[in-house]
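Report on the following structure.
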Amino acid sequence: MEALIRSLPAEAERIRRRYWRDPEFRTVCTDYGDVLEALARFEGLPPPRDRYAEQYRQLAAEMLAEAAEMLAEAAEMLAEAAEMLAEAAEMLRRDRP
């Protein structure tokens with residue numbers, strides 16, 4: 001979770017909430033941290049091992065994009081739910097005598 005927060009600091013609070021509520025998101029966070037740790041071990045190594053660093057960089061970028069997409073989808077769902085609640089409240093107000 002902390003690795004993802006370092007990469008997306010503006011989303012820190014949403015990451016923390018989602019981490020504890022969503023096992024799938026928690027797995028993505030854990031895997032992202034593991035990939036960054038592996039990347040750190042391979043960075044700066046001489047050829048041919050340096051190719052592993054590039055593979056881990058690509059994997060880290062993909063995982064970061066996945067986590068960001070999960071956060072965006074959750075935000076969109078919340079916005080839709082808020083809109084539906086507002087519409088329902090307006091309907092209730094209109095139906096009151």
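The values are calculated or read from the model by the stated rules, or taken from the named source; none is laboratory data. What you are looking at is a predicted structure, and each value in this text was computed from that prediction instead of being measured. Neighbour counts run over all protein chains shown; Cβ positions are idealised from the backbone, glycine included.
Give me a count of the residues in the range 1-29 that are over 17 Å from Glu73 (Cα atoms) and either small (Gly, Ala, Ser) or touching a residue at least 24 places away in the same chain (Cβ under 8 Å) (or both). Going through the range 1-29 one residue at a time, the tally reaches 4.
Against the condition part of a helix (DSSP H, G or I), closer than 19 Å to Leu4 by Cβ and free of Cβ contacts under 8 Å to residues at least 60 places away in the same chain, how does Ala88 come out, does it pass?
Values: part of a helix (DSSP H, G or I): yes; closer than 19 Å to Leu4 by Cβ: no; free of Cβ contacts under 8 Å to residues at least 60 places away in the same chain: yes.
Against the criterion (part of a helix (DSSP H, G or I), closer than 19 Å to Leu4 by Cβ and free of Cβ contacts under 8 Å to residues at least 60 places away in the same chain), Ala88 does not qualify.
Exactly one residue out of Leu85, Leu71 is within 17 Å of the chain's Cα centre (by Cα) and at negative phi: that is Leu71.
Among the listed residues Ala88, Ala74, identify the single one that is surrounded by 11 or more Cβ atoms within 10 Å (Cβ to Cβ) and at pLDDT below 85.
On the way: Ala88 fails: surrounded by 11 or more Cβ atoms within 10 Å (Cβ to Cβ).
Sole residue among the options that is surrounded by 11 or more Cβ atoms within 10 Å (Cβ to Cβ) and at pLDDT below 85: Ala74.
Mind telling me which of the residues Glu54, Glu62 ends up being more than 19 Å from Arg16 (Cα to Cα), part of a helix (DSSP H, G or I) and within 12 Å of the chain's Cα centre (by Cα)? Can you show your working first?
Numbers: Glu54 fails: within 12 Å of the chain's Cα centre (by Cα).
None of the other options fit; the residue is Glu62.
When Glu66, Glu54, Glu76, Glu83 are screened for being out of contact with any Phe, Trp or Tyr (no Cβ under 8 Å at 6 or more places or on another chain) and closer than 17 Å to Arg26 by Cα, only Glu66 passes. Applying the set (1) of a type outside the set (D, E, K, R); (2) surrounded by 13 or more Cβ atoms within 10 Å (Cβ to Cβ); (3) out of contact with any helix residue (DSSP H, G or I) (no Cβ under 8 Å at 6 or more places or on another chain) to Ala40 leaves exactly one unmet item: (2).
When the range 2-37 is examined, which residues are found to be of a type in the set (Gly, Ala, Ser) and loosely packed, with under 12 Cβ neighbours inside 10 Å?
Of the range 2-37, the ones of a type in the set (Gly, Ala, Ser) are 3, 7, 10, 12, 33.
Result: Ala10, single match.
For Ala68, the test of being over 14 Å from Ser7 (Cβ atoms) and either in a loop (DSSP other than H, G, I, E, B) or modelled with pLDDT under 95 (or both) is failed. Selection within the range 43-67: residues that are under 30 Å from Leu78 (Cβ atoms) and free of Cβ contacts under 8 Å to residues at least 40 places away in the same chain. The member of this set that is surrounded by the fewest Cβ atoms within 10 Å (Cβ to Cβ) is Ala65.
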